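Let me begin by presenting the structure, written as structure tokens, before commenting on it.
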Amino acid sequence: MRAMTWPQRIGWIVITVLVLVWSLFPVFAILMTSFKTPSGLFSGTLIPTEWTLQNYAEILTPGGSAQELFLTSLRNSIGISLIATAIAVILATLCAYAIARLDFRGKRIILVTALAVSVFPVVSIVTPLFNLWRSIGLYDTWLGLIIPYLSLTLPISIWTLAAFFRQIPWELEQAAQVDGATPFEAFRKTVVPLAAPGVFTTAIIAFFIAWNDFVYGISLTSTDAARPVPAALSFFTGASQFEDPTGAISAAAIVVTIPVVVVVVIFQRRIVSGLTQGAVKG
Amino acid sequence: MSAATTSRDEKARMPRAKRSERSRAEARLGWMLAGPAFGLMLLVTLYPIGQALYDSLFSLRLTAPDERELIWFGNYAVVLGDPALWESMGVTLVITVITVILELILGFALALVMHRAAKKLRGLARTAILVPYGIVTVVAAFAWFYAFDINSGGFVNSWLSWIPGFDPDLNWFAHPGTSLFVIILSEVWKTTPFISLLLLSGLAQVPGDLEEAAKVDGATGAEIMRRVILPNMKAAIMVAVLFRTLEAFRIFDNIYIMTAGANGTEALSLLAYNTSIGRLEIGLGSAISVLLFLSVLVIAAIFIKGFKVDLAGGKNS
């Protein structure tokens, strides 16, 4: 590669800054809102005129107006999304292994079905579930959300893992056995290290998708017994009935966003390869 | 002698029989491993959609569950005869078309940045571009909503006050056009990363020597883009557009947060939700859900048959 000239270098820096501003502006805006006082909220400026941590106190400290609502929903969200992700990734790993390594009829049908399910309009599923869950007692329970979340996490897991597993040089396993490793050793020393990053990446992507859900969350819950964070945010009220929940919602939004940003920063390369392999591999 | 022939015959047949038995065992194992995931996936989607089809044939509202009555396609007649449905369909199509076009342009620009940027900047750009992808849609919706909404301390109006004729008291969410503007903006912000990643993987597949050859022959940058890069990316572009179209068509979260469907922003998903879960009209709501599902099928069919998008192309190899 040729060395860049100065104008080119400046051009690239400008472009990168533009990309950063575009990508981070809303996050920065809501971060700033989370530090505003109720009266300072209407100053009409992006940067708070008066800084406060009161909004974080409302959602995190005992006695805060939204503390119980927020922390309970946070626990629901983490628990439900983790379980839905774990089930999906375990089942999808077996499924993708079969697709990548075994020869059987119906492989294509499985992949096409996964694709069709992933573009399925969630609202079309939620009405019948709403009715059914109420009659069989799954309404407003963890299980009542875990089951529909599988329709979000399973297809993407199958698709992404199948793409990952196809690239694994499976002959290594046989080679290790020829070299005297037991079948289990061969599997553990060759296949597992190669497959683990794919499984891990898939779990991150599936978790993001479950964590992001809103439609099931507001439709299939009615109390904080199972209500996840995105749905709970729309139920926030201010400290008093005359107070706007803007500050508390912003603070809660920042609290649930920070872990996501950290994960993205650490694993960006893997997430990109997972997303692109799962979606287009032409 | 006859015994000798049979044994030779058997010998000749043996490997084939063995192979087919082996392949049958392999198929059995394959389905044993893949079956649970496949079955569960079908169960959690096909069953509800079947139930929705069934429910849509009944006059049923949860406020009066005992008055349930089979009315066949009565709900569809009501829904299709209601201008609200066609308004919803119109809004959904407007949102879908505009967001997909904007995202395609912006996503392509971002993909080019990621593709061409020097190593040091590439990681930074890629991380920044991925941030909107990871953020919960509802959070993104609140972020944009608070920036614009004058009732929750939006600051955008004071930023725009230098524009002659701009009303500093403009309530963005009181008018259909301005509401849709913010809704589309938040949708574009949140989902462009996905499309740009798909386009990036398409860009990576454009043969570099073709580009080089065109350059040597004196082609300009625009010509290379039009004659070399775009034709080679056609498949990736079509897949990206199809995915995003289907996703944009079921837009829900940001509209719910910003307007809840008021002021002419009630997209199909919101209409279905407000009918069934809002007003407990399960029969009518199911009919709208089925129509939404059929619309998605029709769009997918148009893309796959009309534009020859091969979704699983190359995936089985």
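The values are calculated or read from the model by the stated rules, or taken from the named source; none is laboratory data. Remember, it's a predicted structure, so these values are computed and weren't measured experimentally. We place every Cβ from the backbone using ideal geometry, glycine too, and count neighbours over all the protein chains shown.
Points worth noting:
- If only residues of segment B:107-140 that are buried (at least 17 other Cβ atoms within 10 Å of the Cβ) and either among the hydroxyl-bearing types (Ser, Thr, Tyr) or more than 24 Å from A:Phe267 (Cβ to Cβ) (or both) are counted, the one that is farthest from the chain's Cα centre (by Cα) is B:Thr127.
Condition check ((1) touching a Cys at 6+ places or on another chain (Cβ under 6 Å); (2) farther than 22 Å from A:Ser273 by Cβ; (3) not aliphatic (A, V, I, L, M)) across all residues:
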position: A:Ile158; (1), (2), (3): yes, no, no
position: A:Arg166; (1), (2), (3): no, no, yes
position: A:Pro169; (1), (2), (3): no, no, yes
position: A:Glu173; (1), (2), (3): no, yes, yes
position: A:Ala176; (1), (2), (3): no, yes, no
position: A:Lys189; (1), (2), (3): no, yes, yes
position: A:Gly198; (1), (2), (3): no, no, yes
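- Selection status of A:Asn76, out of contact with any Phe, Trp or Tyr (no Cβ under 8 Å at 6 or more places or on another chain) and buried (at least 22 other Cβ atoms within 10 Å of the Cβ): no
- Residue in segment B:203-214 that is facing chain A (nearest Cβ under 10 Å), crowded, with 19+ Cβ neighbours inside 10 Å and either touching a residue at least 24 places away in the same chain (Cβ under 8 Å) or small (Gly, Ala, Ser) (or both) present: no
- The set of residues in segment A:232-257 that are modelled with pLDDT of 85 or more and aliphatic (A, V, I, L, M) comprises A:Ala232, A:Leu233, A:Ala248, A:Ile249, A:Ala251, A:Ala252, A:Ala253, A:Ile254, A:Val255, A:Val256.
- Applying the criterion of being in contact (Cβ under 8 Å) with a residue 24 or more places away in the chain and facing chain B (nearest Cβ under 7 Å) to the residues of segment A:94-112, the residue that is surrounded by the fewest Cβ atoms within 10 Å (Cβ to Cβ) is A:Tyr97.
- Criterion: crowded, with 19+ Cβ neighbours inside 10 Å, within 28 Å of A:Leu132 (Cα to Cα) and of a type in the set (Gly, Ala, Ser) - qualifying residue of B:Ser88, B:Ser59: B:Ser88
- Top-ranked residue in segment B:141-164 [being in a helix (DSSP H, G or I) and among the aromatic types (Phe, Trp, Tyr); ranked as surrounded by the fewest Cβ atoms within 10 Å (Cβ to Cβ)]: B:Trp159
- If you filter segment A:34-52 down to residues that are among the aliphatic types (A, V, I, L, M) and farther than 12 Å from A:Ser250 by Cβ, you find that the one that is nearest to the other protein chains (Cβ to nearest Cβ) is A:Leu46.
- Residues of segment A:128-161 classified as free of Cβ contacts under 8 Å to residues at least 24 places away in the same chain and either crowded, with 22+ Cβ neighbours inside 10 Å or facing chain B (nearest Cβ under 7 Å) (or both), total: 4
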